[in-house]
Amino acid sequence: MILYNTLTHKKEEFIPNEAGKVGMYTCGPTVYHFAHIGNLRTYMMEDVLEKYIRYTGLDVKRVMNITDVGHLTSDGDTGDDKMLKGAKREHKTVMEIAKFYTDAFFEDCKKLNIKTPDVVVPATTYIDEFIKVISSLIEKGFAYEAGGNIYFDTSKIENYNVFHNFTEDDLEVGVREGVEEDENKRNKADFVLWFTKSKFDDQELKWESPWGVGYPGWHIECSCISMKNLGERLDIHCGGVDNIFPHHTNEIAQSEAYLGHKWCNYWFHVHHLNTNSGKMSKSKGEFLTVSLLEEKGYDPLVYRFFCLQSHYRKGLVFTWENLDNAKAAFDKLIARIASIGDDKAQGEDEKIAALKERFDKALGNDLNTAEGLTVIYDILKADISGASKKALIAEFDAVLGLDLLAHAEKKKEADKSASADIPEEVMALVEQRAEARKAKDFAKADELRDRIAALGYSVKETRQGPVIEKV
Ligand code: AMP
Ligand code: ZN
């Protein structure tokens, strides 16, 4: 598989550290609010990546954190604690907020066919692990105590700016307008590993540590949860592009300082979902959820289809019109799949292998899901039996996750119950009309259509067969 690696700015062949096995880490949600459909675009594309890696025969262990402490509203070490903000907004405790929004997140994932990672770790359950790694970083000279907090010293590592895609200005994350510079820092880019002198006296969750009662910074959690569950050498780390700096940059700095060697080989970043007015953002408070899509009558998998039509390394603009277009295309595709017959045939191996190769080429080329979808249309057009078509769709859909065959079955059921309400006399005329059309006896077909109309029904021919409606 060829994959774009943010670390090298190149498409590279994906080769795991250990043959046949892949360690995959995903930055999980900050659970102070519902996930918006932008967040879920990232999780969905990561899900396709995981499923495709499995499809190629590799065994994947996927680990994800849940940020339930320490993520401040600024990407630096300033701003409110996001969890505390959520708790205040809803007059609940931080743990109640975390539980509620963690459950809501996994419900949304289920609706979008996003598989739950093999290991899910809430940050608050790993405090001892954070303390262990931070202590070691202090011992090794990579971290220092200042003003009651523990900071990572970015000047102690050779190449802090590993992704090479941010500027000196970006490094001033703690010195934004209206925000006091953190005078404890030795270098602009240094970041907090452990807070004891919190600006928030009402911080609910605090733990004992060798440096006093406090709580962890945001970045340390992902490094520790990953290293503990996936070992010292990680194959692939995923997230949205906004995670590249400072989050992933800091994860690499502290993990490699702790380990003393390279940590993760491949970095996979999904670009943002935007609206016409800009990036969809949880902290701005204006965002679209899966529940809202459902309330408006959309099947959540139509949103998945919409996302798969675009490449994960391109920004995607969400508008209702775009979603409607995706819905129309999805419904048409389902209707075509519903009309596949059950016929079987021998000697189709070559044609089947060619379709599989096309799918592999698409997904194996930096996860080109749009191209992968066109292979589904190619299956429909292919000169192979219905049974083979269905088997191929099932196989590819294990990666795409659109429940195509289940939707088609549902459509058939719905069509059947709709036709059950139509009088037998009308059904008989519709059948005769289909025969007449097949025999190209259009005069008879028209006459039959008039007789059907006289009984109060209209009949329209579609590629999927006749559609009968009461008029
Ligand atoms: P958060 O819950 O804010 O920590 O974000 C969860 C995930 O969603 C992270 O991987 C982010 O990089 C990603 N993300 C945030 N905003 C967007 C967006 N507008 N489009 C796609 N992904 C996003
Ligand atoms: Zn992370």
* Asked: Which residue pairs have Cβ atoms closer than 6 Å, lie 6 or more positions apart in sequence or on different chains, and pair a first residue in the range 206-226 that is open to solvent by less than 10 Å² (accessible area, probe 1.4 Å) with a second residue that is part of a helix (DSSP H, G or I) and hydrophobic (A, V, I, L, M, F, W, C)?
  -> 216/130; 220/130; 221/123; 224/130; 224/133
* Asked: Can you spot a residue in the range 33-40 that is touching a helix residue (DSSP H, G or I) at 6+ places or on another chain (Cβ under 6 Å), open to solvent by 10 Å² or more (accessible area, probe 1.4 Å) and under 25 Å from residue 373 (Cα atoms)?
  -> no
* Asked: Taking the range 433-471 as the region of interest, how many residues are in a loop (DSSP other than H, G, I, E, B), in contact with a strand residue (DSSP E or B) (Cβ under 7 Å, 6 or more places away or on another chain) and surrounded by 13 or more Cβ atoms within 10 Å (Cβ to Cβ)?
  -> 0
* Asked: Does the range 414-430 contain at least one residue that is closer than 30 Å to residue 358 by Cα and part of a helix (DSSP H, G or I)?
  -> no
* Cross-chain or 6+ apart pairs with Cβ under 9 Å, the range 4-17 first and free of Cβ contacts under 8 Å to residues at least 60 places away in the same chain, then β-branched (Val, Ile, Thr) -> 13/2
* Please go through the range 93-126 and pick out each residue that is of a type outside the set (Phe, Trp, Tyr) and crowded, with 20+ Cβ neighbours inside 10 Å. => 94, 97, 98, 108, 109, 112, 114, 117, 121, 123, 124
* To do: Those residues that are closer than 16 Å to residue 6 by Cβ and within 16 Å of ligand 2 (Cβ to nearest atom), I need them from the range 257-289; list them, please.
  => 263, 264, 266, 267, 268, 269, 270
* Structure fact -> Over the range 244-282, the set of residues polar (S, T, N, Q), modelled with pLDDT of 95 or more and either touching an Asp or Glu at 6+ places or on another chain (Cβ under 8 Å) or open to solvent by 10 Å² or more (accessible area, probe 1.4 Å) (or both) is 265
* Give the range 304-351 a look and list any residue that's outside any helix (DSSP H, G or I) and free of Cβ contacts under 8 Å to residues at least 24 places away in the same chain, or say none. => 346, 347
* Somewhere in the range 171-187, is a residue closer than 24 Å to residue 215 by Cβ, open to solvent by 50 Å² or more (accessible area, probe 1.4 Å) and modelled with pLDDT of 90 or more? -> yes
* Asked: Does the range 38-52 contain any residue that is β-branched (Val, Ile, Thr), touching an Asp or Glu at 6+ places or on another chain (Cβ under 9 Å), away from ligand 2 (no atom under 16 Å from the Cβ) and touching a residue at least 12 places away in the same chain (Cβ under 8 Å)?
  -> no
* So, of the residues in the range 1-27 that are among the hydrophobic types (A, V, I, L, M, F, W, C) and within 16 Å of ligand 1 (Cβ to nearest atom), which turns out to be farthest from residue 52 (Cα to Cα)? -> 27
* residue 134 being closer than 19 Å to residue 215 by Cβ, in a helix (DSSP H, G or I), at pLDDT 95 or above and open to solvent by 10 Å² or more (accessible area, probe 1.4 Å) -> no
* Structure fact -> The correct count of residues that are more than 19 Å from residue 42 (Cβ to Cβ) and out of contact with any strand residue (DSSP E or B) (no Cβ under 7 Å at 6 or more places or on another chain) in the range 99-137 is 13
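The values are calculated or read from the model by the stated rules, or taken from the named source; none is laboratory data. Given the structure is predicted, the values throughout are model-derived calculations rather than measurements. Reconstructed Cβ throughout: ideal geometry from the backbone, glycine too, with neighbour counts over all protein chains shown. Surface accessibility is based on the protein's heavy atoms, side chains included, excluding ligands, DNA and RNA. Shrake-Rupley method; radii C 1.70, N 1.55, O 1.52, S 1.80 Å.
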